[in-house]
1. Working carefully through the options Leu50, Leu90, find the one that is in contact (Cβ under 8 Å) with a residue 12 or more places away in the chain and more than 13 Å from the ligand (Cβ to nearest atom).
2. Looking at the structure I just gave you, is Tyr128 part of a helix (DSSP H, G or I) and surrounded by 13 or more Cβ atoms within 10 Å (Cβ to Cβ)?
3. Can you tell me which residue is most open to solvent (accessible area, probe 1.4 Å) among those in the stretch 106-124 that are within 13 Å of the chain's Cα centre (by Cα) and closer than 23 Å to Pro69 by Cα?
4. If I filter the stretch 1-31 down to residues being without any contact (Cβ under 8 Å) to a residue 12 or more places away in the chain and either part of a loop (DSSP other than H, G, I, E, B) or open to solvent by less than 20 Å² (accessible area, probe 1.4 Å) (or both), which single residue comes out as farthest from Arg89 (Cα to Cα)?
Amino acid sequence: MSGAPFRVELGDITPHNIKQLKKLNSVIFPVFYNDKFYRNVLEQGEFSKLAYFNDVVVGAVCCRLENCPNGPGKQVYIMTLGCLAPYRRLGTGTLLLEHIFKICRQRKDVDSICLHVQINNEEAIAFYQKFGFEITETEEAYYKRIEPASAYVLRRDTTGL
Ligand code: COA
């Protein structure tokens with residue numbers, strides 16, 4: 001991508017554009033997300049956003065807020081965060097992740113942010129490591145229909161965000 005300057009902006013996910021999110025996720029991720037996933041996304045408010053590159057939808061983040069498994073606080077779980085391949089390395093992923101960081105700074109009840117990535121997803125691992133995430137666990141047979149089936153859990157504390 002070269003030449004004219006570009007704009008990347010975030011927008012809400014609503015019943016009017018949820019089909020764009022479905023299409024986007026079907027292209028970006030090897031995992032199929034069902035209608036329940038998308039109903040849940042619409043209930044998560046600011047934890048889900050679409051990214052527009054010069055007004056065209058190219059990326060999205062979908063998170064949910066949940067109780068920490070090992071403590072009293074809350075964690076943000078990133079269900080999906082992705083950008084169409086031709087538009088990568090232009091800062092869209094950063095903008096989506098910074099949005100989640102901003103919510104965590106504002107809420108103060110969120111202790112950590114975590115997600116699963118397929119163990120061979122070097123791009124995503126490099127991306128999250130740049131933002132202070134660390135591999136904390138490996139879950140064998142996490143994915144049912146894709147190979148490799150193992151996932152890393154990546155996590156970072158919200159302190160210092
Ligand atoms: N190799 C090494 N580092 C990478 C990288 C890659 N392929 N992609 C991103 N990074 C790191 C770099 O440090 C980069 O900064 P730089 O471009 O100045 O060097 C930084 O992350 C920020 O990159 P950015 O342009 O904001 O990210 P992006 O828009 O390309 O999105 C992903 C990154 C991971 C979201 C994108 O590759 C993607 O959609 N992958 C498929 C979906 C996925 O696997 N999501 C993760 C699981 S939820």
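The values are calculated or read from the model by the stated rules, or taken from the named source; none is laboratory data. Since the model is a prediction, treat every value here as computed from it, not as a measurement. So basically every Cβ, Gly included, is an ideal-geometry build from the backbone, and we count neighbours across all protein chains shown. Surface areas here come from the heavy atoms of the whole protein model, side chains and all, with no ligands, DNA or RNA. Shrake-Rupley method; radii C 1.70, N 1.55, O 1.52, S 1.80 Å.
1. Just one listed residue meets the conditions, Leu50.
2. Against the criterion (part of a helix (DSSP H, G or I) and surrounded by 13 or more Cβ atoms within 10 Å (Cβ to Cβ)), Tyr128 qualifies.
3. So, considering only residues that are within 13 Å of the chain's Cα centre (by Cα) and closer than 23 Å to Pro69 by Cα, the one most open to solvent (accessible area, probe 1.4 Å) is His116.
4. His16
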